[in-house]
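S.K.: Can you read through this structure? Questions will come right after.
A short reminder: the numbers here are calculations on the coordinates, not readings from a lab. Given the structure is predicted, the values throughout are model-derived calculations rather than measurements. Positions of Cβ are generated from backbone atoms using ideal geometry, with glycine treated the same way; all protein chains shown enter the neighbour counts.
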Amino acid sequence: MKKTNIVLNCLIVVWLIILIMMPQHTMSQRQPGNIISPEILPDNSVIFRIKAPNANSAQVSGTWATGKMTTMEKKDSVFEVKIGPLSSDMYEYDIILDGIPILDPTNNMVTRDGAWIQNRLMIPGVMADIIDVKPVPHGDVKAVWYNSPAIGGERRMFIYTPPGYDKNKKKYPVMYLLHGGGGDEEVWLSRGRA
């Protein structure tokens with residue numbers, strides 16, 4: 001009985017060490033080091049880079065040219081390509097290593113649309129000024145799960161409340177944003193910038 005407890009305790013300790021190390025390992029994979037990607041140049045061209053010493057091929061595909069993949073050139077262990085110049089806007093892109101789409105490990109700006117996750121970049125100018133976050137008071141966004149009889153299970157929605165909402169008893173109007181063309185509830189926050 002004591003031997004079983006010792007083995008069980010050892011397994012618990014090992015499991016806890018693994019759990020503690022996982023976030024650090026994940027963060028170390030997302031550290032940029034000396035690789036900058038995407039690098040937006042003064043003329044609004046963009047250089048994409050990814051360090052992938054064991055990969056044979058790399059491409060970048062983005063919403064600036066839907067359906068087209070641009071081959072990246074390998075220099076030492078870093079693949080690189082220059083795109084553009086691009087018009088001012090928000091773009092989404094994938095890097096494809098040996099045929100497998102991956103997130104750009106040095107860019108933490110992402111857009112999630114259902115099961116599809118892509119990196120995002122903002123090219124400066126008029127359009128970016130319209131959709132970029134402004135230095136004004138911001139409210140809160142909360143994710144709330146609710147029971148949906150229509151699907152027989154739980155659904156998630158986001159609720160935005162304006163600055164100061166919790167401090168007063170004022171009544172506010174309600175506005176519902178429903179995504180009717182694909183996507184999910186996160187699309188309004190990431191792609192729609194709502």
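S.K.: Name the strands (runs of 3 or more DSSP E) wholly within segment 53-105 that hold at least 2 residues that are among the aliphatic types (A, V, I, L, M), farther than 24 Å from Ala115 by Cβ and out of contact with any Leu (no Cβ under 6 Å at 6 or more places or on another chain)?
M.R.: Correct list: 78-83.
S.K.: Given the criteria in a loop (DSSP other than H, G, I, E, B), in contact (Cβ under 8 Å) with a residue 40 or more places away in the chain and surrounded by 18 or more Cβ atoms within 10 Å (Cβ to Cβ), does Asp43 qualify?
M.R.: No, not satisfied.
S.K.: Let me ask something else. Look at Val174 and say whether it is hydrophobic (A, V, I, L, M, F, W, C), closer than 26 Å to Ser61 by Cα and in a loop (DSSP other than H, G, I, E, B).
M.R.: Here the answer is no, as Val174 does not meet what is asked.
S.K.: Restricting attention to strands (runs of 3 or more DSSP E) lying wholly within segment 109-164, give those where 3 or more residues are surrounded by 13 or more Cβ atoms within 10 Å (Cβ to Cβ).
M.R.: Once the strands (runs of 3 or more DSSP E) in segment 109-164 are filtered for at least 3 residues that are surrounded by 13 or more Cβ atoms within 10 Å (Cβ to Cβ), what remains is 110-113, 116-123, 153-161.
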